[in-house]
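Here's a structure for you.
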């Protein structure tokens, strides 16, 4: 994945800064009106943001099992009723057809389209799954004083396929994809302590130290995101990542699957600091 | 519910004492052979024990949603594949048809039978759900020095219907059923701290202090279990209880539902002290 375009990034950051203190409902309202169509990082700080996967009902029980069996990469924070576009357990008046800024449409496992509204694609057999994402635990780490290099240096967090297998369920299987944040060992220990409180946002790291320990041959060659900067005295710390279920869904090749576009999350009314 | 018969209790305690240090696999082997047909409390200490609900597949997605929406009363620790009696995510060679000491068979919501093996009832459309239970968090509280009156005084923990509603899913709905343990305020604070580490075993209390705060009119008149002994200087502390999903399932009146008989849990290979 290439570096994001600098001008886009500055524009997105500017919008995010304006909306950092906005309510989740306000930001969702702007999204529903089409006034925000991109990244949601930094908006409505303090509100939990989530990854999205919408699947036909005949795959929903297997996907629920996949999440239950792999809670670190797939922390399930909400499931809709079949055919119901609303998500009352995650917030007031959340309509999943219009309240995410950008959606990826996968057909038979291949990206077919990216759109800003899926009202015309909604069907009576669709089930929405919302999974915890790393934004919330990064907020907690920053609040605790743990430095996060990719935010300081403004690059995308690097992500890697590990050699840790997820526990399969039906057609869903594949490796745990991990995100990596470099830090001194003392901060890594503190990061374990902090993220232990957030099992619904990937929880504690799955690995730290030697990348080869989880099958990563070249730390400077991530499968997604940017090349990291690891300074002397720092170790890489690896967390299970929300790309894991996305990769598993794409490999399962369902006739239809709708996800958020990376970085364009669902902003819920739940407090991001609430552990579970 | 009446007090248990004293002789039965002594016999059960004697067996439990003999098997306190046994492995989960050893105890499951005795259960499979029909040599244990009753309570499993105190056996294979250190191994997570779980509540059981087996349902037809057409209700499984709604029940998975019910658990996701109500994690304190319904902490989901395992789900089988449809029609598969084995539970590889919970342990080696666990056959749910034979490895629980006593099963309750519900037909249309009514208790129809209690049996020690369900091999003849197994069907290709059944799905097994295993939920965390209070045995593991009681182990953690005792290890931390928090006193548990019902164990000291050898009575059944009292359980009450609260006025807290669960979040419904499909046909599953109803009040949160709570268990109550009396203790001094200082121990109650410590109990919150300890049980916060165990979200998969009901987690932190849902209430403490005035029973009326959650709609309990008479603390001396529990809906299940024994009348409690609350001493001067103690407050009642209430945790969400595994009877909640059982009551929801019975109210939903599925044509068939199979649960464990209260106290006769599935003993898994998972460490009971592992938080999540």
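Taking each label point as 7 Å beyond Cα in the direction of the beta carbon, state the distances from residue A:30 to the same residue in the other copies, shortest first, in nm.
In nanometres, ordered from closest: 6.4.
Please list the three semi-axes, largest first and in whole Å, of the ellipsoid equivalent to the protein assembly as shown, using sqrt of 5 times the eigenvalues of its alpha carbon gyration tensor.
That gives 41, 26, 24 Å for the three semi-axes.
Report the residues of region B:216-240 in range of a label on residue B:185: point 7 Å along Cα→C-beta, backbone N strictly under 15 Å from it.
From region B:216-240, the list is B:232-237.
Here is a further query. Compute the long axis of helix A:185-195 from its Cα atoms, compare it with the longest principal axis of the Cα atoms of chain A, and write down the angle in degrees, 0 to 90, nearest 10.
The helix A:185-195 is inclined about 30 degrees to chain A.
Here's something else I'd like to know. Obtain the nm distance between the two label points defined at residue B:251 and residue B:57 by a simple spin-label model: each point lies 7 Å from its Cα along the Cα-to-C-beta direction.
It is 2.9 nm.
Assume the label is 7 Å from Cα along Cα to beta carbon: what separations in nm does residue B:227 have to the matching positions in the other copies?
7.7
Right, next: For chain B, what is the mean residue ellipticity at 222 nm derived from helices alone (per DSSP H run of n ≥ 4: -39500 (n - 2.57); sum divided by total residues; nearest 500 deg cm²/dmol)?
Theoretical 222 nm ellipticity from helices: -7000 deg cm²/dmol.
Continuing with this model, one more query. On a 0 to 90 degree scale, rounded to 10, what angle separates helix A:134-143 from the longest Cα axis of chain A?
50 degrees
Next up: Residues of A:72-78, mean number of Cβ from any other protein chain within 10 Å of their own Cβ, rounded to a whole number?
Average neighbour count from other chains, rounded to a whole number: 2.
Cut-off is 10 Å between beta-carbons; in what order do A:82, B:128 appear when sorted fewest neighbours first?
The fewest-first ordering by Cβ neighbours comes to A:82, B:128.
Compute the label zone of residue A:45 within region A:113-138: residues whose backbone N is under 19 Å from the point 7 Å along Cα-to-Cβ.
A:133-138
Once the label point is set 7 Å along the Cα-to-beta-carbon vector, what list of distances in nm do you get between residue A:186 and its counterparts in the other copies?
Label-point distances to the other copies, shortest first: 3.5 nm.
Quick one: give the max-minus-min coordinate of the C-alpha atoms of chain B along each principal axis, largest first, in Å.
Largest to smallest, the principal-axis extents are 54, 43, 34 Å.
Give me the angle, in degrees from 0 to 90, between the Cα long axis of helix B:60-69 and the longest principal axis of the Cα atoms of chain B, rounded to the nearest 10.
Value to nearest ten degrees: 20.
Let me ask something else about it. Quick one: check the C-alpha center-to-center distance for region B:231-276 versus region B:61-129, whole angstrom.
13 Å
Kindly put A:260, B:150 in sequence by how many other C-beta atoms sit within 10 Å of each C-beta, fewest to most.
Fewest-to-most ranking of A:260, B:150: B:150, A:260.
Let me ask something additional. What distance in nm separates the simple spin-label points at residue B:221 and residue B:152, each placed 7 Å from Cα in the Cβ direction?
Each label point is offset 7 Å from its Cα along the Cβ direction, giving 2.8 nm.
Could I ask something else about it? Arranged by the count of other C-beta atoms within 10 angstrom, fewest first, what order do A:23, A:179 take?
Starting with the residue having the fewest Cβ neighbours, the order is A:23, A:179.
How high is the relative contact order of chain B, in percent, counting Cα pairs under 8 Å that sit 6 or more residues apart?
Rounded, it is 30 percent for chain B.
Contact order normalised by length for region B:78-230, with contacts defined as Cα pairs under 8 Å and 6 or more residues apart; what percent is it?
Relative contact order here is 21 percent.
Could you tell me the largest-minus-smallest coordinate of the C-alpha atoms of region A:136-245 on each of the three principal axes, in descending order and whole angstroms?
Taking the Cα atoms of region A:136-245, the three principal extents are 41, 30, 23 Å.
Same structure, new question: Let me confirm one metric for peptide A:189-200, namely the mean number of other chain beta-carbon atoms within 10 Å of its residues' beta-carbons.
Rounded to a whole number, the mean comes out at 1.
How shielded is A:51-62 by partner chains, expressed as the average number of their Cβ atoms within 10 Å of its Cβ atoms?
Across the residues of A:51-62, the mean count of other-chain Cβ atoms within 10 Å is 2.
None of the figures in this text is laboratory data; all of them are computed from the coordinates on show. Keep in mind it's a predicted model, so treat the numbers as computed, not measured. All Cβ positions, even for glycine, are placed from backbone atoms using ideal geometry, and neighbour counts span all protein chains on display.
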